[in-house]
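These notes concern the structure reproduced below.
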Amino acid sequence: MSSVAHTVPAPVQPPYPYQAQGVRLRPVTMADVLAVNEYRSLAQVARYLPHPPQTVADTELTLAAMVTQKELQTPGQWLDLAVEHGPTNEAVGEVLLKWDAANPLRGEIGFVFSPAVQGLGIAFAACTAALEIAFGHFGWHRVEGICDDRNEKSAALMTRLGMRQEATFVEADWCKGEWVTLRHYAILNREWPVQ
C-alpha cells in the first residue's frame with residue numbers, strides 16, 4: 001500500500017469557512033479553546049471520547065496538536081473542523097476527518113458537539129458538509145466511522161448520513177478501565193448522494 005501513498009496527492013482543501021447545510025466548517029484555531037472546552041469538559045460529552053472531561057489546559061494541548069494538521073499533508077493526519085452556526089464564529093462542535101495511513105483513498109469521520117445544539121439538526125448538517133469535503137474535495141473512495149456500541153446517538157447519526165453498519169467488534173478496545181464494544185460504519189463515494 002505504500003506505493004499507492006506515493007502516487008496519491010494530498011487532499012485538496014476547500015476554501016474555508018466551508019458553508020453548506022446551514023453550517024460553516026473551518027479548521028480549529030487556538031482561539032477556539034474556551035468554546036471547545038465548554039463541551040469537552042462535560043462528563044456526558046467525554047463519556048464516549050478517548051479522554052476524560054478536559055480541563056482548559058487539556059483542551060489547549062488537544063487544539064495545539066490539531067492546528068498543526070489543518071492542511072492534510074501526510075496520511076494518518078486528522079483535520080479538526082470547528083462547526084459554526086448562527087451569527088457568531090464560536091465553535092458549537094467539531095467534525096474530524098482522518099486521512100487513512102494505510103490507504104490514502106480512505107478516511108474516517110469523527111464528531112463531537114455541544115449539548116446546547118443537540119436536536120437542532122446541526123450535527124447532521126455538519127457531518128453532511130464534512131462528507132461533501134471528503135468525497136467532493138479530497139476525492140476519498142470510502143469514509144468510515146467508529147462508535148462505542150452504547151453510543152446510540154452517534155450510531156443513529158451515522159445511519160442518517162447513509163452509512164451502513166458493517167461490523168460489531170465485541171470488547172475490542174480497552175478504554176477508561178473497561179472493555180468497549182465498537183460499531184463500525186462506512187459509506188462509499190459512489191453511495192454518497194449529490195446534494
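Hey, can you grab everything whose amide H is under 5 Å from the amide H of Ser41? Only 5+ residues off in sequence or another chain; H modelled, so Pro and N-termini drop out.
Those qualifying (amide H under 5 Å, at least 5 residues apart or on another chain) are Gln54.
When the Karplus curve 6.51 cos²θ - 1.76 cosθ + 1.60 is applied with θ = phi - 60°, which whole-Hz ³J(HN,Hα) does each residue of the stretch 139-147 get, with x for Gly and Pro?
x, 5, 7, 8, 10, 10, x, 10, 9
When we measure straight from the Cα of Lys70, which lysines land under 28 angstrom away, once same-chain ones fewer than 8 places off are left out?
Leaving aside lysines fewer than 8 places away in the same chain, those within reach of Lys70 are Lys98, Lys153.
Let me check the size of the stretch 1-122 from its C-alpha atoms; what are the radius of gyration and Dmax in Å?
According to the Cα coordinates of the stretch 1-122, Rg and Dmax are 15.1, 46 Å.
Please state the charge dipole magnitude for the stretch 1-97, taken about the Cα centre, from unit charges on C-beta atoms (+1 on K and R, -1 on D and E), reported in debye and rounded to the nearest 20. Write down the numbers at each step before the final one.
Working: 5 positive and 9 negative charges, 42 e Å.
Roughly 200 debye for the stretch 1-97.
When the Cα centres of the stretch 152-195 and the stretch 31-46 are compared, how far apart do they sit, in Å?
So the two Cα centres are separated by 23 Å.
How big is the Rg/Rh ratio for the stretch 116-157, C-alpha atoms only, Rh by Kirkwood, two decimals? Could the numbers behind the result be given before it?
On the way: Rg = 12.1 Å, Rh = 11.7 Å.
Answer for the stretch 116-157: 1.03.
Could you rank Trp174, Trp140 by how accessible they are, 1.4 Å probe, largest area first? Display every interim value, and only then the final one.
Values: Trp174 145, Trp140 0 Å².
From most exposed to least exposed: Trp174, Trp140.
Keeping all protein chains in place and using 1.4 angstrom, which order do Met66, Met158, Met30 fall into by accessible surface area, from largest down?
If we order Met66, Met158, Met30 from most to least accessible, we get Met30, Met66, Met158.
What does the net charge come to around Arg142 if you take all other residues with beta carbon closer than 14 Å to its beta carbon, with K and R at +1 and D and E at -1? Numbers along the way, then the final one.
Numbers: positive: Lys98, Arg106, Arg164, Arg190; negative: Asp100, Glu108, Glu144, Glu166, Glu191.
That sum, taken over residues with Cβ under 14 Å, equals -1.
In what order, largest first, do Tyr18, Tyr48 sit by accessible area if the probe radius is 1.4 Å? Mind showing how you got there, number by number?
On the way: Tyr18 35, Tyr48 65 Å².
Order by accessible area, largest first: Tyr48, Tyr18.
The values are calculated or read from the model by the stated rules, or taken from the named source; none is laboratory data. Small disclaimer: the values here were computed from a predicted structure and weren't measured. Glycine gets a Cβ as well: all are built from the backbone with ideal geometry, and neighbour counts include every protein chain shown. The protein model used for the area step is the full one, side chains on, heavy atoms only, and it has no ligands, DNA or RNA in it. Shrake-Rupley method; radii C 1.70, N 1.55, O 1.52, S 1.80 Å.
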